[in-house]
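What follows is a single structure, written as structure tokens, with notes after it.
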Amino acid sequence: MVIGFVLRVNPLLVVTVAGLATGIASGLGPLAVVAAFGKAFITSRYVAIIWLVLPVIGLLEHAGLKERARAVVAGLSGATTSRILLAYFAIRQITAALGLTSLGGHPQMVRPLIAPMAEGAAENRYGELPPKVRNLIRAHAAGVDNIALFFGEDIFIAIGSILLIKGFLDQNGVHVEPSQLAIWAIPTAICAFVIHCTRLLFLERKLRRSVSVAEDET
Amino acid sequence: MITLEHIYWLTGLMMAGVALVNLRDPTNPRRFHNTVFWGIYAITFLVGSRLPDVVNGFLVIGMVLVASIRGLGQGKEEGSSKQAREASATHWGNKLFIPALAIPVVTVLGTVLFKKITLHGAPLVDIKQVTVISLAIATVIALSIGMAMLRPPLFAPINEARRLLDAVGWAAVLPQMLAALGALFAVAGVGTVVSGLAQQWIPLDNPSVVVLTYTIGMAIFTMIMGNAFAAFPVMTAGIGLPLIVQRFGGDPTIMAAIGMLSGFCGTLMTPMAANFNIVPTALLELPDENAVIKVQIPTALILLGANILLMNFLVFRH
């Protein structure tokens, strides 16, 4: 499978072949493998529900949602890319720790709101952005959503991973309290906050430098 | 009662709409590919629950072939110029945020309230799936608010959905495909093989080496599987419980909590976690599909180091 990704074959094809090969290696017949894959695909459909946000997000983008998000940031004098991403990181991690994991997400928050705000703040400070810088800001906006979610959600006791840990350990005769699991997720959560927010502060410096380098080149 | 099946019908209708818009769009050079791809996907949502497994399997293989042979295309962007959008943004002002923010707010309210609402004694929605169903209901409410406010042409939402979904392309199906692959790996018992190898090759008679193997193993195995949930049972049954807990007397709660979070460090570094790492690059129109992974790797590695230290300090003292 790794070979497939390296060769840049369509990942869908790579995953399908890997799945079929795994099934055959475990001794299933060809039709049984196809059936197992079909069943696994159908039971995983809940993953795709998120795409239901597209009609309304598209409609709002058509009406200028991203442009409005940038304009709002332009009105805040102290807004920088770092500060916006830091604020979103804090909100996302705290709400995830309270179990509100659905408050963020790439299709519904990052693309229409957070990324345009972070870009808008940089445009205010440094003028027109070179494509490389713009893309870096967008990638960071997506990364903030992921990191804050992952290292916030485990502090909430009824989240999937905590329930999975408890279920698995119970099966193996080891009994743990979900609330204790949640408490021991806190040290890592604090480390994640400190590490990533430090990096975000350095990001602002990097943006300033790479914009001025791009200007020198032109 | 509203169940996941109803939400699948709704998703299926949207996918069918996307397929039809593509079929009628001559500006998309691969419109028939797109129509077949999203059309089959629509079928798996609309009737997938009632089809035999093997038929679903062949439908999926059909989708994969359509996407990989010559690939999917995109229609030319219609209408909305930057000036038009800026004028509209000024006209509507902050009201534009109302429908957008309605999605998270209604989802969160739904997850709390739907547990309490009953109809003739039965719950209004399937409690086990309350988050996903609340999200779907939230998108319907947000769309209704948006339509009432902006009064666009009737088919605007589906045209917009088509534009965004085709921008993401086949990557939109990848997370689901990887979830299916994880399930197959579990059935085939890939995990036992891996932990057997680790036990055979790594000197596991020193507690620090065991902690190192467990945490780094969680991260690497998560990178291969794309999901810490798949790595956790394997690594914990293979290394965590027999060595950290039983041989060296470590605390299972601390081991499990920090072990899972070490796996999450792996999630940040792998294209296999497509919905977190690959889909956003498509959504944000980034030319490099590893752009998000690249900005996450430094944090992931430093944090993995922090997890190793934390587990070493915490797990054996109690």
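Taking B:Thr267, B:Thr111, B:Thr281 as the candidate residues, the one with maximal mean-square fluctuation in a Gaussian network model of chain B, Cα springs under 10 Å, is B:Thr111.
Between the helical axis of B:53-68 and the longest alpha-carbon principal axis of chain B there is an angle of about 80 degrees. Rounded, prolate or oblate: which one fits the stretch B:82-153, using the alpha carbon gyration tensor with axes a ≥ b ≥ c (rounded when a/c is under 1.5, else prolate when a/b beats b/c, else oblate)? In terms of gyration-tensor shape, prolate.
Bridging of B:Lys76 to lysines at a Cα separation below 26 Å is possible for A:Lys66, A:Lys132, once same-chain residues fewer than 8 apart are set aside. The aspartates and glutamates within cross-link reach of B:Lys82, meaning a Cα-to-Cα straight distance under 17 Å and a gap of 8 or more places when in the same chain, are A:Glu61, A:Glu67, A:Glu119, A:Glu123, A:Glu128, B:Glu160, B:Glu285.
Straight-line reach from A:Lys39: taking Cα to Cα under 22 Å and skipping same-chain neighbours fewer than 8 places apart, the lysines in range are B:Lys128. Shielding value for A:166-175 is 4, the average number of Cβ atoms from other chains within 10 Å of each residue's Cβ.
As I understand it, the value is the acute angle between the Cα axis of helix B:4-23 and the longest principal axis of the Cα atoms of chain B; what does it come to in degrees, rounded to 10? That helix lies at roughly 60 degrees to the long axis. Calculated mean residue ellipticity, 222 nm, chain B: -22000 deg cm²/dmol, from DSSP H runs (n ≥ 4) at -39500 (n - 2.57) each, averaged per residue and rounded to 500. For an R0 of 45 angstrom, estimate the FRET efficiency from the Cβ-Cβ distance between B:His120 and A:Ile91 and round to the nearest 0.05. Once the sixth-power term is evaluated, E becomes 0.70.
Determine the shape class of the stretch B:4-75: with a ≥ b ≥ c the square roots of the Cα gyration tensor eigenvalues, call it rounded for a/c under 1.5, and otherwise prolate if a/b is greater than b/c, oblate otherwise. Here the stretch B:4-75 falls in the oblate category.
Against chain B, whose longest principal axis is taken from its Cα atoms, helix B:174-188 shows a tilt of about 40°.
Averaging the Cα positions of each part gives two centres, and for the stretch A:185-202 and the stretch A:114-166 these lie 13 Å apart.
Taking a ≥ b ≥ c as the square roots of the Cα gyration tensor eigenvalues, with a/c under 1.5 meaning rounded and otherwise prolate when a/b beats b/c, else oblate, which class fits chain B? Here chain B falls in the prolate category. Per residue, the convex hull spanned by the Cα atoms of the protein assembly as shown amounts to 166 cubic angstrom. Database remark: amide H of B:Arg30 closer than 5 angstrom to the amide H of B:Gly73, B:Gln74 (H placed geometrically; neighbours at sequence offset of 5 or more, or on other chains; Pro and chain starts carry no H).
Values in this text are rule-based calculations from the coordinates and carry no lab data. The structure presented is a predicted model; accordingly, all values stated were derived computationally and were not measured. FYI the Cβ positions are ideal-geometry reconstructions off the backbone, even for glycines, and counts take in every protein chain you see.
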